[in-house]
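Q: Before I ask anything, here is the structure I am working with.
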Amino acid sequence: MTKKVVKKTADKKTDVNFPLVAYILGIVSIVQAFISPISGIAFAIIGLVFTKKQTDSVSKKAYKLNLIGLILGIIFFAIVIIASFVNFMPTY
């Protein structure tokens, strides 16, 4: 007796909701911009990449959220850098 091995192949594509993922990443990027600006910038860039996959109303909202998260992340990162240099400047 021989056993037949049947391999199941994935014929269906996984249906990923890119605008929803980008929307969630936009919210996360705004929150992370206040806590850790570098991770906020990273989440915003990933979210911006996902907004380019599809174009609908949720994707447009996600684009705005990710852009806000990116701008906030850059601003807070600059504030952290400036504050760290000000603390280490010698006072005469």
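Q: Filter region 71-92 down to residues that are loosely packed, with under 15 Cβ neighbours inside 10 Å and among the small types (Gly, Ala, Ser) and give me whichever is nearest to Ala22 (Cα to Cα).
A: Ala78
Q: Only one residue in Ala33, Ala22 is in contact with a Leu (Cβ under 7 Å, 6 or more places away or on another chain), surrounded by 20 or more Cβ atoms within 10 Å (Cβ to Cβ), modelled with pLDDT under 95 and aliphatic (A, V, I, L, M), so which one is that? Steps first, answer last, please.
A: Details: Ala22 fails: in contact with a Leu (Cβ under 7 Å, 6 or more places away or on another chain).
Criteria check complete, one pass: Ala33.
Q: So, in region 47-70, how many residues would count as being surrounded by fewer than 15 Cβ atoms within 10 Å (Cβ to Cβ) and among the aliphatic types (A, V, I, L, M)?
A: 1
Q: Could you check region 33-66 and list, in sequence order, the residues that are under 10 Å from the mean Cα position of the chain (by Cα), farther than 15 Å from Phe18 by Cα and of a type outside the set (Gly, Ala, Ser)?
A: Of everything in region 33-66, just one residue is under 10 Å from the mean Cα position of the chain (by Cα), farther than 15 Å from Phe18 by Cα and of a type outside the set (Gly, Ala, Ser), namely Ile41.
The values are calculated or read from the model by the stated rules, or taken from the named source; none is laboratory data. Remember, it's a predicted structure, so these values are computed and weren't measured experimentally. Quick reminder, even Gly has a Cβ in these numbers, built from the backbone with ideal geometry, and neighbours come from all protein chains shown.
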